[in-house]
Every structure is written in C-alpha cells, then in structure tokens.
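What follows is one structure encoded as structure tokens, with my remarks underneath.
The values are calculated or read from the model by the stated rules, or taken from the named source; none is laboratory data. Given the structure is predicted, the values throughout are model-derived calculations rather than measurements. Areas reflect the complete protein model, heavy atoms only, side chains present, ligands, DNA and RNA absent. Shrake-Rupley method; radii C 1.70, N 1.55, O 1.52, S 1.80 Å.
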Amino acid sequence: NSIDTNIAERKLAEQALMESEQKLKDIIYCIGDWVWETDENGIYTSIENNGINKYGYLNEEIIGKTPFDFMMPEEADKIGVLFLEIAASKQNIKDLENWNIQKDGQSICLLTNGIPILDEDGNLKGYRGVDKDITERKKLEESLKVLSVAIENTKASVVITDINGTIEYANPFFSQLTGYSQSEYIGNNPRILKSDLHPEEFYTNLWNTILSGRTWEGELYNIKKNGEGYWEKAIISPIRNLKNDITHFVAIKTDISETKILHEELIRSKEKAEESDLLKSAFLSNMSHEIRTPMNGILGFAELLKEPNLTSDQQQDYIRIINKSGLRMLNIINDIIDISKIESGQMKLDISKSNINEQIEYIYSFFKTEVERKGMQLSYRISLPAKDAAIYTDREKLYAIFTNLVKNAIKYTDQGSIEFGYVSTGSTTGSVSAVGELVEPVEPVEPELEFYVKDTGIGIHSDRHKAVFERFIQADISDSRAFQGAGLGLSIAKAYVEMLGGKIRVESESGIGSTFYFTLPYRVKSTEKNLLANEGPAETEKKLIRKLKVLVAEDDEASQELLSISLQTITDELQIVSTGVDAVEACRNHPDIDLVLMDIEMPLMDGYFATRQIRQFNTDIIIIAQTAFGLQGDQKMALDAGCNDYISKPINSSQLHSLIQKHFQE
C-alpha cells in the first residue's frame with residue numbers, strides 16, 4: 001500500500017507539472033515570444049513558440065543549429081564573441097539585441113534574455129531563454145532618431161511646454177534666433193519673448209484654443225533677448241497621452257520677419273501709389289476746372305469787347321470780369337508755385353519789423369466792400385496798442401495766411417458775420433475793437449500772439465478738421481463752392497504758420513460756422529539771422545544749448561553722408577545706423593543721445609515701430625521723422641508713433657537746422 005501511495009503522489013506531481021508546462025506553452029503562444037534551450041555549445045535543443053518560429057523555418061529546421069547560423073554575418077561575429085564571454089563566466093544573457101535573417105530574406109531584430117543551465121556540480125549544460133521580436137520598435141526608434149536629427153537641425157523654432165506653458169524642450173535654432181541659452185529658457189515661460197504689440201485678448205484666444213484641444217495658427221511679434229523685434233508664423237498643438245488627456249504643447253515657429261516687412265512695404269507702396277494716383281487725378285481735374293473757368297471769362301469777355309455797339313457801362317463791366325478772372329488765374333498760379341516751393345524746401349522767410357495792427361486794418365479795408373456786398377458784417381479785433389504792435393515776422397507770409405483764411409470765410413458764408421484779429425497771450429495790455437474801444441486785458445501765458453478768423457458759414461464736420469489742411473483737400477466736395485479753388489490755400493497757410501514758428505487749428509461745427517486759430521511768436525527784438533528758413537548752420541548753432549549727440553537712422557548711404565555733412569557743425573558725436581532694430585539698440589545703450597533723425601522706411605523694423613519701442617524706455621529724447629514719401633497722413637502717423645517733429649525728403653539743410661533749433665534753442 002505504501003508503494004501504491006508513493007506512485008500515486010508521483011503521478012499527481014507529474015500531472016501537475018505537465019499542466020504547468022502546458023499553461024506556460026499557452027502563455028508563450030499568446031504573447032508571441034519564442035522560448036528556447038541550447039546545449040553548452042549554443043546548439044538549439046528545444047524551441048517553443050506560437051506555431052511560427054522566429055526565422056520562418058520549421059522548428060525541426062532550427063534544432064541542431066546555433067543562433068549564429070541565422071544572424072547577419074557582422075552580427076554573428078560580434079554576438080559570437082560576446083556569447084563566449086558570457087558562457088565562460090556563466091552569466092545571464094541580458095537584453096541582447098541582435099539582427100537576424102529570416103527564411104524569406106527579411107531582417108528581424110530580436111531581444112534575447114537567458115539564464116545558464118547548470119548540472120549538480122555547477123558545470124554549464126546550456127542556456128534557456130526567450131527571444132522577443134522588437135523589429136517594429138527598432139524601426140520606430142530609427143524614425144524617431146531621424147525625426148530628432150531633423151528637429152535639432154531645422155531652421156524653425158520647435159518648443160515643447162508642459163500644460164502650464166513651462167518650457168521643457170527647445171531645439172538649437174530657438175536659442176540661435178532668440179539669444180536665450182538653454183539654461184535661461186528651460187523651466188521658463190515663452191512670455192519672456194512677449195512684446196506689447198498684441199493685446200491681452202490675443203493671448204487669451206490662443207490659450208483658449210489649445211486648451212480646448214484644437215491647434216492654433218497665427219503670427220506673433222516677439223522680442224529677442226537683445227530687444228530686437230521679429231515676426232513668427234506659429235503653429236501650436238496639444239499633445240495627448242493614452243488617456244486622451246492634454247499633457248504638453250508643441251509649437252513650431254518660422255521667422256517671417258523679412259517676408260512680413262516685404263509684404264508690408266508692398267502694401268504701403270501700393271496704397272501710396274493708389275493715393276498718389278487719386279491725388280493726381282483729383283488735382284488735374286480740379287486744375288483743369290480752375291484754369292478753364294477764369295480763362296473762359298477772360299477770352300469770352302475779351303471777344304465781347306470787340307462788339308462795336310457796347311455802352312460805356314457794358315465795357316466797364318466786361319473789363320471788371322476780365323480783371324477778376326485774371327486775378328483768379330494769378331492766385332491759382334501763385335498757389336501752385338508756393339506749394340511747390342514749400343514742398344521742395346525752397347520757400348524763404350523774409351523777417352522784418354512789421355506793425356500787425358496796420359496789417360489787420362489793411363485786410364479789413366480790403367475785404368470790407370466784398371463782405372458787405374453779400375449782406376454781411378465784417379469786423380476785426382486787435383489786442384496791442386500801436387507802440388507794442390510792431391513785431392519781427394515775415395509780413396508777406398502773415399498777409400498770405402490772413403488772406404487765405406478770410407477768403408475761405410467769405411466763400412463759405414452767405415449770411416451773418418465774419419470777425420478776425422488777434423489776442424496777445426504775452427502782454428497784459430487791453431485789446432482795441434474796430435471802433436476803438438478798449439477790451440478786457442488777457443492774462444499772459446506765453447510770449448506769443450493768437451490770431452483768428454471767425455465766420456457764421458456752413459462749418460466743417462468734425463471728422464474733416466485735420467483733412468482741410470492737407471494738400472488738394474477741401475472740407476465738403478459735395479458743396480458746389482468746394483470746386484472754386486485748388487484746395488491749396490489752407491495747406492499753404494499751415495506751412496507758413498509753421499515756418500514762422502507757430503501752429504494752426506480749427507474749431508468748427510457743421511451748419512454753425514468755423515473759427516481758424518493760428519499762433520505766432522511775439523518777437524519785438526530782431527532775430528532775423530536766426531529766423532531765416534534758409535540760414536546757414538553756423539548761424540543756427542549759435543542758438544543751440546550745446547553741441548548735440550545725434551543718432552541718424554538711415555539705410556541710404558547717400559542720405560547718411562548728406563546728413564553727416566549737414567550736422568557736423570552742431571554735433572560733437574554722431575552715430576549712424578541702417579535699421580530700426582539698430583536704432584532701438586543704440587538708444588538703449590546710449591541714453592545720453594539728444595536727437596534721433598528717424599527714417600521711416602528701413603529694413604527689419606520701420607521708423608514708426610522703432611519710435612514706439614524707444615518711447616517705452618526713453619520719453620525725453622527728441623525724435624524727428626524723415627521720409628521720402630511726404631504724402632498725406634505721414635506726419636500724423638509719425639507724431640502718433642511718438643516722434644516730436646517731421647521733415648520730408650529731400651531734406652533742406654537750413655530747414656533741418658531750423659527744426660532742430662526749435663527743440664534745442666537757448
């Protein structure tokens with residue numbers, strides 16, 4: 001009985017072992033790995049797999065051979081030496097990668113792990129191990145390696161951040177472009193590149209887009225470590241894990257600064273060309289009308305004078321019409337000549353002592369009859385007694401300013417009144433009306449005179465207040481009277497006022513009337529040498545506080561040389577840069593610069609944007625914009641960008657010196 005019991009227990013143990021082995025084979029079949037055994041010489045003695053062996057051969061074709069028989073020759077040599085070392089020391093085979101050739105000639109990569117089989121005396125009997133097919137993994141690793149090399153060497157910024165925007169990786173080009181080293185940007189946020197160009201809503205939209213799982217595409221204006229701005233075309237996408245949760249963001253950004261600048265330049269050039277064509281067409285059309293109308297009067301009534309039976313009164317009427325038409329023609333020609341001189345910088349000032357009270361009275365007498373003929377009242381106001389009314393100015397320019405303004409008032413007023421004159425903000429004396437009555441004194445503010453022309457005419461809509469001072473622009477072209485003029489009068493008046501050191505503005509309401517104001521310096525002592533618009537630099541520098549430190553931002557070499565020569569007598573240090581980026585950097589590194597002559601059209605960053613950048617850290621420096629375009633709106637754009645003044649090319653040296661003198665005089 002004892003023997004039967006032992007046999008039964010042994011049978012049960014063998015049965016359990018067989019079941020365990022079968023379970024192991026089932027598991028091996030499911031996972032697709034190959035379990036093998038070899039003898040001490042590495043010859044296969046057993047193969048277990050899922051029905052298809054690792055090389056594509058039948059199992060019996062493998063038994064009796066070694067793994068080296070199926071490896072690529074170079075692999076067999078390398079692995080063979082390694083196996084001898086492992087076997088000699090009876091070590092485990094640990095994660096040994098090896099490339100093999102299948103029966104069909106295809107390559108297969110196996111990951112081999114094994115343990116030594118030892119007899120009771122510790123001698124090596126063979127190895128038992130597992131081979132796992134990692135071919136796809138190796139191919140994926142190779143693809144990732146190629147991709148990694150591509151990312152590392154691409155000329156685009158590749159940045160990976162965590163869910164909070166903290167930078168975990170950036171390729172070398174990111175450092176090359178931005179100037180930030182790896183130690184500076186890893187663990188930091190991309191906001192280190194943020195500029196003030198985009199509003200907060202822009203970044204809010206960006207984050208809402210990528211946090212919702214969508215890809216954001218757009219253009220970013222960023223700032224490098226050195227303060228230089230640049231444009232990027234960016235694509236930012238979320239990265240998800242196996243649970244579909246967003247864990248990271250990847251941004252691929254391309255530097256499009258040059259393309260952006262070229263595109264903007266093309267747009268500006270196109271707009272300026274279109275605007276120029278419109279202005280040219282409008283001007284030629286207007287000039288045709290303006291010239292033909294008085295010519296029609298001159299030629300037509302000259303022909304009528306040939307009639308033999310005209311009465312004396314008829315002849316005088318015709319002669320008056322011819323004379324009036326001739327004066328109108330002369331005014332048009334004078335306006336065109338004046339505006340041409342102003343544009344070219346050839347208009348000169350002739351400063352002399354002039355009694356402004358006498359001029360006001362003369363203008364009143366000259367226009368009184370014309371105004372009263374329309375059934376309106378004309379009056380004037382003066383602020384200074386005769387002994388204080390003699391100032392140094394350009395008498396003819398002041399007369400032209402008043403004439404243009406009064407003519408406009410008469411033209412656009414059909415009923416009511418027109419009043420003109422001046423008040424003194426630099427004297428406490430009272431003003432005198434047209435009938436000699438003393439008016440209440442005006443408190444002094446600055447040593448200047450404020451002139452005005454006030455009417456009760458059709459008025460000017462508020463959105464046209466600035467436009468009326470531009471070349472060839474009239475306030476309301478829907479009004480028939482708007483065509484009775486070249487549209488140059490107010491522009492000329494504005495230019496003359498500014499040449500004389502003053503400013504002009506308008507207050508008006510449509511249907512109510514208009515008041516034009518302009519100021520002039522109240523100079524009672526001769527400063528003629530210093531006020532001539534075309535005086536030499538040597539005389540101008542006498543008025544400067546000191547020798548100036550000047551920065552010229554200009555990309556044209558000829559213009560650089562011209563400005564260098566023009567400025568050499570008023571500066572003891574002159575720097576020249578060719579781009580807006582360099583201009584910003586120069587002002588940042590040299591805060592003691594007094595004056596910047598900022599060209600508007602420059603590569604990398606234009607003068608408008610460069611000025612805005614400078615104003616962020618220096619609000620005191622004087623910046624004068626210079627441009628070769630000189631079209632409508634350029635001056636406003638320059639002032640809006642933060643420039644103190646504006647001058648158009650070609651730059652007249654004397655005009656430039658006068659402009660500098662205005663900001664740096666004693």
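Extension gain, Arg588-Ile565: 0.36 nm per intervening residue step, less the Cα-Cα distance, totals 5.7 nm. A straight line joining the Cα centroids of segment 570-593 and segment 163-209 runs 29 Å. Each residue was assigned an accessible area with a 1.4 Å probe, and for Phe617 the value is about 80 Å². Accessible area of His461 (1.4 Å probe, protein heavy atoms only, ligands and nucleic acids ignored): about 100 Å².
When Glu85, Glu498 are compared by accessible area of protein heavy atoms, the largest-first order is Glu85, Glu498, using a 1.4 Å probe. Treating segment 555-635 as a set of equal point scatterers at the Cα positions, no solvent, please give the Debye-formula log₁₀ I(q)/I(0) at q = 0.13 Å⁻¹. At q = 0.13 Å⁻¹ the computed log10 ratios are -0.39. Estimated at 0.36 nm per residue, the fully extended path between Ala558 and Lys662 surpasses their Cα-Cα distance by 34.8 nm.
Checking the cross-link filter: which lysines have an alpha carbon closer than 28 Å to that of Lys454, excluding same-chain neighbours under 8 positions apart? Excluding near neighbours in sequence, the set is Lys324, Lys353, Lys368, Lys374, Lys387, Lys397, Lys407, Lys411, Lys466, Lys494, Lys503, Lys636.
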